[in-house]
Amino acid sequence: MSRIGKMPIAIPDGVNISVAENNKVTVKGPKGELTREFPQELSIEQKDGEIVITRPDDQKRTKALHGLTRALLNNMVTGVKDGFEKKLEVAGVGYRAAKKGKTLTLTLGYSHPVELDDPEGVESTVEGQIITVKGIDKEKVGQYAAIIREKRAPEPYKGKGIKYVDEVIRRKVGKTGKK
């Protein structure tokens, strides 16, 4: 039995969940609404203020989907209640970030500024050298943060670039001169 899949998901106050045909689940909460269609092999039931996901057999595919479905549903519930956020740090001389409307402008040592528009459902803010990406969909927040990071990933010699705030960059020793 999947250790994650068999755990029930508690439904917090202010969150409504409806399961339609074809396992189409809609989660509504104070921050917004998320809808997702899950595999039909699994059964999603709502009982006693909890969501329980069960699987019909022990085939490899259904075992894999069991934990995945539970994790995705839990992320939907957490997202509409609290939301998700990722913080990135811009490090380097002359590297900076600015926000104007829905456009994030990054100056990263290229010959041109890099401009990114916030995707729907995701919002980014800039405070000094910290970029904060917020939203209710964990997938979209993580993807947009990864897109921002890849514009200038941190390098191991000086540590310049865009990194997650909690990320640790393994530093390398540079060249030494001959005497």
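When region 47-56 is filtered for residues that are surrounded by fewer than 16 Cβ atoms within 10 Å (Cβ to Cβ), farther than 13 Å from Ser2 by Cβ and either acidic (Asp, Glu) or at pLDDT 90 or above (or both), the ones remaining, listed by number, are Asp48, Glu50, Pro56. Applying the condition of being surrounded by 15 or more Cβ atoms within 10 Å (Cβ to Cβ) and not β-branched (Val, Ile, Thr) to region 9-32 and asking which residue is nearest to Val122 (Cα to Cα) yields Lys31.
Pick out the one residue from Lys134, Lys140 that is charged (D, E, K, R), assigned to a strand (DSSP E or B) and either within 23 Å of Val80 (Cα to Cα) or open to solvent by 60 Å² or more (accessible area, probe 1.4 Å) (or both).
Just one listed residue meets the conditions, Lys134.
For Glu41, state whether it is in a strand (DSSP E or B) and acidic (Asp, Glu). Before you say what the answer is, go through the steps one by one.
Values: in a strand (DSSP E or B): no; acidic (Asp, Glu): yes.
It is false that Glu41 is in a strand (DSSP E or B) and acidic (Asp, Glu).
Total residues in region 147-164 satisfying the condition of being of a type in the set (A, V, I, L, M) and either open to solvent by less than 40 Å² (accessible area, probe 1.4 Å) or in contact (Cβ under 8 Å) with a residue 60 or more places away in the chain (or both): the figure is 2.
For region 117-125, indicate whether the set of residues that are of a type in the set (Ser, Thr, Tyr), farther than 27 Å from Thr35 by Cα and open to solvent by 40 Å² or more (accessible area, probe 1.4 Å) is non-empty. The answer is no; no qualifying residue exists.
The values are calculated or read from the model by the stated rules, or taken from the named source; none is laboratory data. The structure presented is a predicted model; accordingly, all values stated were derived computationally and were not measured. Cβ sites come from the backbone with ideal geometry, for glycine too, and all protein chains shown count toward neighbours. For the accessible areas, the whole protein counts, side chains as well, though only heavy atoms, and no ligand, DNA or RNA atoms are used. Shrake-Rupley method; radii C 1.70, N 1.55, O 1.52, S 1.80 Å.
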